[in-house]
1. What is the set of long-range amide H partners of Ile216 at a cut-off below 5 Å, with H atoms built 1.01 Å from backbone N?
2. Would you kindly state how much longer the chain becomes between Asp139 and Ala206 on full extension, computed as 0.36 nm times their sequence separation minus their alpha carbon distance, in nm to one decimal?
3. If you average 1/r across every pair of different Cα atoms in the stretch 204-304 and take the reciprocal, what Kirkwood value do you get, in Å?
4. Need one number: convex hull volume per residue for the stretch 244-291, Cα atoms only, in Å³.
5. Using modelled backbone amide H atoms (1.01 Å from N, in-plane), which distant-in-sequence or interchain residues come within less than 5 Å of Thr230's amide H?
Amino acid sequence: MNHKQYKDAFSFVRPSESFMEQTRLRIREQIGTARPKSKLTNWQIPAALMACAITALLVTILTKPVGFPTETSPPESTRATTATTQTGVRQLVLDGSPVQLSELVFAPGAAIRLPDRLDIGQSMVDSIAPRNYVSDLSDSANLIVKATVIDVRFNAYPLKLQVREEDYKAFLTEEENQYQLMTVHSVIHRIRIDKIYYAGESEIKAGDELVLENIIEASDVGSPGSILKTCHQYILPITQTDGSVLSEALHSDYEAVIGATDTESKHALLFTRTPQIELTLNGGVIFFARRDMPGVEQGAGWVDLINDNTVPVEIDIPLNPFELYESEEASWLYRDHMKLRADKAFEGDFQDLVDGIYGLSRP
């Protein structure tokens, strides 16, 4: 490893101070300077569960037939209106026109704070094009569920990396410089399983809780699918990881890695470069899909979910609180390609899609 290769390898570990300062300023502008949300205490956990339980009740009332009308509805200005069925349910009705994200109704969620010392590199949502998610599912997803997010927090893994002797002696003047310090951060989502579309060999069932952990690379915090909102409901493809905070390739580049490298959970979100499939309180489903993605013949994202009732979603408010990189490239990638369905056939269509991927048959 020569000097240039060494610098390139560590470019994501130690970003320039000027870049870090600019990033901190942008974070403060968007989320303020409050301290990060700490891990829930024992008395706070039941409160969080109760809050999301109340939200789940609202979701049930608003999205399933009941015998009385509900009071929650979108703003009157929305081009997506609501209609009351004979059972009294307010259901999102689309007229074929684009719908603004701000017009849709979601559960209120708790504010999420980034850790103070989180190093954020340049967003890769601008440079990594998403693939066709349906074609990737069978090779990568061990579990596909509908779930409500109970809480979101962050883990920090401080590590000391020992550079190989032949590398540091070649260009480092002091022996103590053979060690490099870094902190790997991860985002933790605690979710409650509301419905299972595919479980493979897992024994997990509806009502269970699951912890998901995704390592925040030098780019992921700017990706709209990497940090979810508390009390919001999503359809999530989940994968199994090797349980290490460092990739095998990065591990092999050093003489030794000192520090705890085991993750809290081996379950992780898939497809974090674009928004996850998200459900509204009044029967809408938002998803990313682009039929004309260059280099992706089948179309990118969830193109298989597009039907005649699908309309575009105009992203007029942030998809997550940490979208720091508003660029034409990001717009090209996903902002102009978010879709909305509100027809009752969506659940069946999605289940049929999953069953077809895994060769399952249902009565």
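Derivation of every value follows stated rules applied to the coordinates shown; laboratory data play no part. Predicted model only: the values in this text are computed from it and were never measured.
1. His185, Ser186, Val187
2. Roughly 21.8 nm would be gained on extension.
3. 16.1 Å is the Kirkwood radius here.
4. Working: hull volume 5.9 nm³, N = 48.
So the per-residue hull volume is 124 Å³.
5. Ala110
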